[in-house]
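J.: Would you mind keeping the following structure in view while I ask a few things?
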Amino acid sequence: MEHNKTWHQMHQDSLEFGQRLADSVANGMGSWRFIIIQTLIVLAWMVLNIVGFAYKWDVYPFILLNLVFSTQAAYAAPIIMMAQNRQSERDRAQADADYRTNCEAKIEIEELLKKLNSIEVDKLDRILELLEKNDKKA
């Protein structure tokens, strides 16, 4: 029953695994939950490396942490761009579907107006006919 699906459902069904994964990653990275968890990890990293007694794997200025962030940014940016491009595709698909719906509605409204106009003309013709009959009788 493909014709009963919305444009959004059809778009979702057409996505490949990689596209779905990119959307999920972008949604996750664009959330407060991600920011809070990442902030807690960074704070823990810094605290453990500043006050750590036994083993400091990344001493100040936290070069390893900077490398981790650089790597994360290098992968996150293109993944987020892929998700944004798909969002643009979804927006275009929705705009196209809205346009087609509006065109169909316009045609239906024009047909209804023609029908109403013809009913109005028929009523006026009938009234004139009755008036003429009335004049002839009088």
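J.: Describe numerically, in nm with one decimal, the distance between label points set 7 Å from Cα along Cα→Cβ at GLN94 and at GLN12.
T.: With each label placed 7 Å out from Cα toward Cβ, I get 1.3 nm.
J.: Only four residue types carry charge here, +1 at the Cβ of Lys and Arg and -1 at the Cβ of Asp and Glu. Report the dipole size of segment 66-138 about the Cα centre in Debye, rounded to the nearest 20.
T.: 100
J.: Defining a contact as two alpha carbons under 8 Å apart and six or more residues distant in sequence, what relative contact order in percent does segment 24-138 show?
T.: On the way: 21 pairs, mean separation 21.3, N = 115.
This gives 19 percent for segment 24-138.
J.: Separate question: Which of rounded, prolate, oblate describes segment 84-138, given a ≥ b ≥ c as roots of the alpha-carbon gyration tensor eigenvalues and a/c under 1.5 marking rounded, otherwise prolate only if a/b is larger than b/c? Please list the in-between numbers first.
T.: On the way: a/c = 14.69, a/b = 11.32, b/c = 1.30.
Prolate shape, in that a/c is at least 1.5 and a/b is the bigger ratio.
J.: OK, next. Which lysines does LYS106 reach when only Cα atoms under 24 Å apart count, and residues fewer than 8 places away in its own chain are ignored?
T.: Cross-link targets: LYS5, LYS114, LYS115.
J.: Pop out the ³J(HN,Hα) list for segment 130-137 in order, Karplus 6.51 cos²θ - 1.76 cosθ + 1.60 with θ = phi - 60°, rounded to Hz; leave Gly and Pro as x.
T.: Working through the residues one at a time gives 5, 5, 4, 5, 5, 5, 5, 6 Hz.
J.: Trypsin sites (Lys or Arg not before Pro) within segment 3-64: which are DSSP loop residues with at most 12 other Cβ atoms inside 10 Å?
T.: On the way: sites: LYS5, ARG20, ARG33, LYS56; in loops: LYS5, LYS56.
Taking segment 3-64 and a limit of 12 other Cβ atoms within 10 Å, the loop trypsin sites (Lys or Arg not before Pro) found are LYS5, LYS56.
J.: State, in angstrom, two size descriptors of the chain derived from its alpha carbons: Rg to one decimal place and Dmax to the nearest whole number.
T.: Radius of gyration, then largest Cα-Cα span, for the chain: 33.4, 120 Å.
J.: Report the one residue of ASN4, LEU131, SER118 whose Cα lies farthest in the direction of the positive end of the charge dipole of the chain (charges on C-beta: Lys and Arg +1, Asp and Glu -1; origin at the Cα centre).
T.: Comparing the listed Cα positions along the dipole, ASN4 ranks first.
J.: Follow-up. At 222 nm, what value in deg cm²/dmol follows for the chain if DSSP H runs of at least 4 each add -39500 (n - 2.57) and the sum is divided by all its residues, to the nearest 500?
T.: Counting only the DSSP helices, I get -30500 deg cm²/dmol.
Since every read-out is calculated from the coordinates, none of them should be taken as a lab result. Just so it is clear, the model here is predicted, and its values are computed rather than measured. As a convention, Cβ positions derive from the backbone with ideal geometry for all residues, glycine included, and neighbour counts pool all protein chains shown.
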